[in-house]
Amino acid sequence: MRTVDLRSDTVTMPTEEMRQAMFRAEVGDDVYREDPTVMALEELGAAMMGKEAGLFLTSGTMGNQVAAMAHTKKSDEIICEMESHIYYYEVAGLACLAGAQVRPVIGDRGVMTAAAIRGAIRPIDIHAPETALICVENTHNRAGGTCYPLGELAAIRRLADEFHIPVHMDGARIFNAAVAQGVAVAEIAQHADTVQFCLSKGLAAPVGSLLVGTRPYIEKARRFRKMLGGGMRQAGIVAAAGIVALKTMVDRLAEDHTNARLLGEAIAASGYVIDMSTVQTNIVIFSTDGLKTDAPAFVAMLKDRGIKANAFGERRVRMVTHFGVDRADIDYTVDVLAKLKQECS
Ligand SMILES: *Cc1c(COP(=O)(O)O)cnc(C)c1O
């Protein structure tokens, strides 16, 4: 039986070129700033995003948390989308690490409008925390990989400048947004002061994320990374794969988007409830509404047929396309889903 792993793009395996680069990587102690491969990765990532400096971190979660720690102080407030990763999936890190509280804003398919953010900014008042950071997630994971329209990001930038509030972009999948929108990634990143992006998802590196921003900000963030135990030593071994990821794995994300669209369209054609307007990149979320099974039971049935997916709550199923999934895998999945629709109706 074929196995197709659509749980996440984090399951991607490093390429042969990455393994070779890791094997040969020149390394040093990065806490002493003596690892040339880590430094090269940080410079490359910053240059691609149009920022001054970069910081290599163990994960996207560490990147987001360090970013918030460096932007805020205890008792500040952070504006985030209600279902954003930094709020929903990071173990209350903003409360525990930054000591900040979150002001959640409900987005439209994950996208907060500038107008909605304006309504959430606190006035200067003895009763109120200070709004110290606006966090946008692009692409938005729980909304189904949706992209921020560039016009909305520009409006958020203008608003942030008006109130002197920094913008952090959780760009775990910012390259998916850039490829889907047909723009250079720096064109998206220009609207944020800082960006966190993952090397270990669609770009298929084994480990790591980068945080980019101004040089003084990144030096501040570097101290917080150390505080969290993220000062890695001969980290060039893993950074080497990140360099290959940035140089060779960005353009092929278009393939993942094509596969996701094919999958989504077939799911709709089979009669499942799906909002195709959210299928913009490599994530497909559909509903088990109208079936006799809930999402966890449906996911178990898929697993029996060799297809791994994630239940998103009781009624939603998420599938993510990536480097390890080809067209034949999609065809097989489409076939199984069509049969399951009959069985479960
Ligand atoms: C995966 C993800 C993260 C966290 O990355 P990890 O490397 O898994 O910690 C942050 N934000 C978003 C939107 C993500 O999808």
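The values are calculated or read from the model by the stated rules, or taken from the named source; none is laboratory data. Here the structure is a predicted model, which means the values were calculated and not measured. A quick note on method: Cβ atoms are made from the backbone with ideal geometry, for glycine too, and the neighbour counts reach across all protein chains shown. Calculation scope for accessible area: heavy atoms of the full protein, side chains included, ligands and nucleic acids excluded. Shrake-Rupley method; radii C 1.70, N 1.55, O 1.52, S 1.80 Å.
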Residues of the range 300-322 being small (Gly, Ala, Ser) and open to solvent by less than 20 Å² (accessible area, probe 1.4 Å), which ones?
Gly306, Ala309
For Tyr89, only one of the following conditions fails: (1) surrounded by fewer than 20 Cβ atoms within 10 Å (Cβ to Cβ); (2) more than 11 Å from the ligand (Cβ to nearest atom). What is its number?
(2)
Among all residue pairs at least 6 apart or on different chains, which show Cβ distances below 7 Å where the first residue, located in the range 55-74, is in the same structural domain as Ala92 (by TED's automatic domain parsing) and the second is within 9 Å of the ligand (Cβ to nearest atom) and of a type in the set (A, V, I, L, M)?
Thr58/Val207; Gly60/Ala172; Gly63/Leu57; Asn64/Ile86; Val66/Leu57
For the range 155-171, give me each residue that is exposed (fewer than 14 other Cβ atoms within 10 Å of the Cβ) and under 9 Å from Ala192 (Cα atoms).
none
For the range 181-200, how many residues are within 15 Å of the ligand (Cβ to nearest atom), assigned to a helix (DSSP H, G or I) and open to solvent by 10 Å² or more (accessible area, probe 1.4 Å)?
0
When you go through Asn141, Asn64 one by one, which is the residue that is in contact with a helix residue (DSSP H, G or I) (Cβ under 6 Å, 6 or more places away or on another chain), within 15 Å of the ligand (Cβ to nearest atom) and open to solvent by 10 Å² or more (accessible area, probe 1.4 Å)?
Asn141
Sort out which residues of the range 151-180 are within 17 Å of the chain's Cα centre (by Cα) and either farther than 29 Å from Pro123 by Cβ or more than 15 Å from the ligand (Cβ to nearest atom) (or both), and write them in order of number.
Leu153, Val167, Gly171, Ala172, Arg173, Ile174, Phe175, Asn176, Ala177, Ala178, Val179, Ala180
Suppose we filter Ala328, Ala297 for residues that are surrounded by fewer than 18 Cβ atoms within 10 Å (Cβ to Cβ) and either farther than 29 Å from Met18 by Cα or touching a Pro at 6+ places or on another chain (Cβ under 6 Å) (or both); which single one remains?
Ala297
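Rundown of residues vs (1) modelled with pLDDT under 95; (2) within 16 Å of the ligand (Cβ to nearest atom); (3) over 17 Å from Leu246 (Cβ atoms), yes/no style:
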residue	(1), (2), (3)
Gly28	no, no, yes
Gly60	no, yes, no
Met69	no, yes, yes
Cys80	no, yes, yes
Residue selected from the range 1-41 under the condition of a type in the set (Lys, Arg) and closer than 30 Å to Val317 by Cβ, by the criterion surrounded by the fewest Cβ atoms within 10 Å (Cβ to Cβ)
Arg2
Out of (1) of a type outside the set (Gly, Ala, Ser); (2) within 16 Å of the ligand (Cβ to nearest atom); (3) touching a helix residue (DSSP H, G or I) at 6+ places or on another chain (Cβ under 7 Å), the odd one out for Asp256 is which?
(3)
